[in-house]
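Read-outs: derived from the displayed coordinates by stated rules, not from any lab. Predicted, not measured: the structure shown is a model, and the values here were computed from it. Cβ coordinates were reconstructed from backbone atoms using ideal geometry, including for glycine residues, and neighbour counts include every protein chain displayed.
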């Protein structure tokens, strides 16, 4: 499945952004969400918008749109920028003793991986930071990304 960086002018009105043009790097395909994230995490939203504007690759009315990542099914993902200073390691280190926050995390984790539910519950109960991180990072990239974006937005 392919992923695309786009500007969304209105719902379901997308203009794809050719990252190889704005980055001057033709070596990447930028078709996976990991590649797009690795690019966008280097810049702020404003920097990316300036690159898009300077390269004149979208009609003017799209410049006020929202940057998104979409897949071939038009499912929308938030863009990760370098201004996002949230770290999962720091999150768990800071909140390992907060039962309410850890329960919220557990609920999100269980949506991605019910098979390891008992292991994660045990790791949280024992406040085993390394085991928690190990279980999280064994998930597929998209699941880890979804947990990350949820925690950034809600906690």
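So if I restrict to the alpha-carbon atoms in the chain, what is the Rg, and what is Dmax, the biggest pairwise distance, in Å?
Calculated on Cα positions, Rg and Dmax stand at 17.9, 54 Å.
On C-alpha positions alone, give me the angle between the axis of helix 99-112 and the longest principal axis of the chain, in degrees, nearest 10.
Long axis of 99-112 versus the principal axis of the chain: about 60 degrees.
Once you put a point 7 Å from the Cα of residue 144 and another 7 Å from the Cα of residue 131, both along the Cβ direction, what distance in nm separates them?
For residue 144 paired with residue 131, the spin-label model returns 2.0 nm.
Among 113, 71, 98, whose mean-square fluctuation peaks in a Gaussian network model of the chain (Cα, cutoff 10 Å)?
Most flexible of the set in this elastic network: 98.
Taking springs between alpha-carbon atoms closer than 10 angstrom, which of 124, 21, 69 fluctuates most in the Gaussian network model of the chain?
Result for the chain, Cα springs under 10 Å: 21 fluctuates most.
Between residue 35 and residue 15, what is the label-to-label distance in nm when each label sits 7 Å out along the Cα-to-Cβ direction?
2.3
Considering only 123, 115, 93, give the residue with the highest GNM mean-square fluctuation for the chain, with springs between Cα atoms whenever their separation is below 10 Å.
115
How big, in percent, is the set of alpha carbon pairs in region 1-50 lying more than 19 Å apart?
Details: 290 of 1225 pairs.
More than 19 Å apart: 24 percent of the Cα pairs in region 1-50.
Enter the angle in degrees (range 0 to 90, nearest 10) between the Cα long axis of helix 45-54 and the first principal axis of the Cα atoms of the chain, meaning the one along which they spread out most.
Around 20 degrees separate the two axes.
Helix-only mean residue ellipticity at 222 nm, the chain, DSSP H runs n ≥ 4 weighted -39,500 (n - 2.57), per residue, nearest 500. What is it? Before the final figure, lay out each step's value.
Details: 8 runs with 77 residues, N = 155.
After summing the helix terms and dividing by the residues of the chain, the value is -14500 deg cm²/dmol.
Would you compute, for the Cα atoms of region 88-154, the largest minus smallest coordinate along each principal axis and list the three values in descending order, in whole Å?
26, 26, 18
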